[in-house]
Amino acid sequence: MIYTARKGQTSSGEAIGILLLETSVPFIPGDVANATTYPFPVRFQKVEGFTVARAIGKDPSVLEAMIEAAEDLVAQGVRAVTGDCGFMAIHQNVLAEKIRIPVFLSSLLQIPFITGLFTDTGKVGIITADAGSLDSRLLKSIGIENPEKLVIVGLENQPHFYDFAIKETGVLDTDKVEKEVVAAARHLTTRNPDIRALLLECSLLPPYAAAVQEAVDLPVFDYITMIRFVFSAVVQKRYSGFI
């Protein structure tokens, strides 16, 4: 087998590139920004100047920095690019057009697949960092024109989540945040018994997916289910076994 070097590439074997915010939160196992979350290598690239506040505010001026960071990932050989904040989704289409490899900036891209699993009356419950920011403009940016099947709740009023994720105190009490996330899931499903699955939209929430599932006994999707799915498509492997 003959291999050809890619000019400027300094390492290999990282199929998934992940754009990171400039933030100071603890990235625990299960978080999108923790490399031990994945059963395969990933490559991280910080987007200079892209803060949590600018993400929640959908600041359009960060787009050029995002493009530059994504192009750096492409130059290093990644096969697909995601991010560590769902509110990056407002730039989904432009970034995908610019870098010409698969781009999947929001866990909400799983919505058409999830809704297709159930009958017309089934709904998807979404837990997000800030419900007010998860508006129709952001949903439209990833192709969701009719959100009638979605039931959304935010964690912006949960003190422990707010302190570590939005206020960025630098301290995370996982037990307390887990209780807040589970309580939100229970509240959502109790008030909406037609919910057939949950989506933890925020990239900080996958560490609590198992606890949520144990509490509500429903399928739970998140950023990591999406990243693993895309990886399985861009890195196919031959099968071995016997018959």
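Annotations
- Whenever a residue of the range 211-224 is free of Cβ contacts under 8 Å to residues at least 24 places away in the same chain and over 26 Å from Ala89 (Cα atoms), it has no partner that is aliphatic (A, V, I, L, M) and part of a helix (DSSP H, G or I) lying with C-beta atoms less than 7 angstrom away and at least six residues away or across chains.
- Pairs linking a residue in the range 42-55 that is at negative phi to a residue that is of a type outside the set (S, T, N, Q) and in a strand (DSSP E or B), with Cβ atoms under 6 Å and 6 or more positions apart or on different chains, are Val42/Ile16; Val42/Ile18; Arg43/Gly17; Phe44/Ile18; Phe44/Leu20; Gln45/Leu19; Lys46/Leu20; Val47/Leu19.
- Search result, residues across the range 125-135 that are under 24 Å from Gln213 (Cβ atoms) and surrounded by fewer than 13 Cβ atoms within 10 Å (Cβ to Cβ): none
- Residues of the range 192-231 satisfying the condition of being closer than 19 Å to Gly30 by Cβ and of a type in the set (S, T, N, Q): Ser203, Gln213, Thr225
- Any hit, the range 187-201, residues being out of contact with any Ser or Thr (no Cβ under 9 Å at 6 or more places or on another chain) and assigned to a loop (DSSP other than H, G, I, E, B): yes
- Verdict on Val182 being assigned to a helix (DSSP H, G or I), closer than 18 Å to Ile28 by Cβ, in the same structural domain as Pro147 (by TED's automatic domain parsing) and more than 18 Å from the chain's Cα centre (by Cα): yes
- Checking each residue in the range 79-104 for being over 28 Å from Ala183 (Cβ atoms), at pLDDT 95 or above and in contact with a Ser or Thr (Cβ under 8 Å, 6 or more places away or on another chain) picks out Val103, Phe104.
- For the range 88-171, the helices (runs of 4 or more DSSP H) that sit wholly inside it and include 2 or more residues that are charged (D, E, K, R) are 92-99, 136-141.
- Selection within the range 3-61: residues that are more than 23 Å from Phe161 (Cα to Cα) and aromatic (Phe, Trp, Tyr). The member of this set that is farthest from the chain's Cα centre (by Cα) is Tyr3.
- Check on Val74, assigned to a helix (DSSP H, G or I), in contact (Cβ under 8 Å) with a residue 24 or more places away in the chain and of a type outside the set (Gly, Ala, Ser): yes
- Flag for Arg238 being charged (D, E, K, R), in a loop (DSSP other than H, G, I, E, B) and farther than 28 Å from Asp120 by Cβ: yes
- When Gln236 is tested against the conditions (1) under 20 Å from Thr82 (Cβ atoms); (2) surrounded by 13 or more Cβ atoms within 10 Å (Cβ to Cβ); (3) not aromatic (Phe, Trp, Tyr), the lone failure is (2).
- Residues of the range 21-49 that are crowded, with 18+ Cβ neighbours inside 10 Å, under 13 Å from Tyr223 (Cβ atoms) and not aromatic (Phe, Trp, Tyr): Gly30, Asp31, Val32, Ala33, Thr37, Val42.
- Of all the listed residues (Leu138, Leu150, Leu218), the sole one being in contact with a Lys or Arg (Cβ under 8 Å, 6 or more places away or on another chain), surrounded by 15 or more Cβ atoms within 10 Å (Cβ to Cβ) and closer than 18 Å to Ala55 by Cβ is Leu138.
- Matching residues, the range 1-29, being in contact with an Asp or Glu (Cβ under 9 Å, 6 or more places away or on another chain), in contact (Cβ under 8 Å) with a residue 60 or more places away in the chain and assigned to a loop (DSSP other than H, G, I, E, B): Leu21, Thr23, Ser24, Val25
The values are calculated or read from the model by the stated rules, or taken from the named source; none is laboratory data. In this text, all values refer to a predicted model and were calculated from it rather than measured experimentally. Glycine gets a Cβ as well: all are built from the backbone with ideal geometry, and neighbour counts include every protein chain shown.
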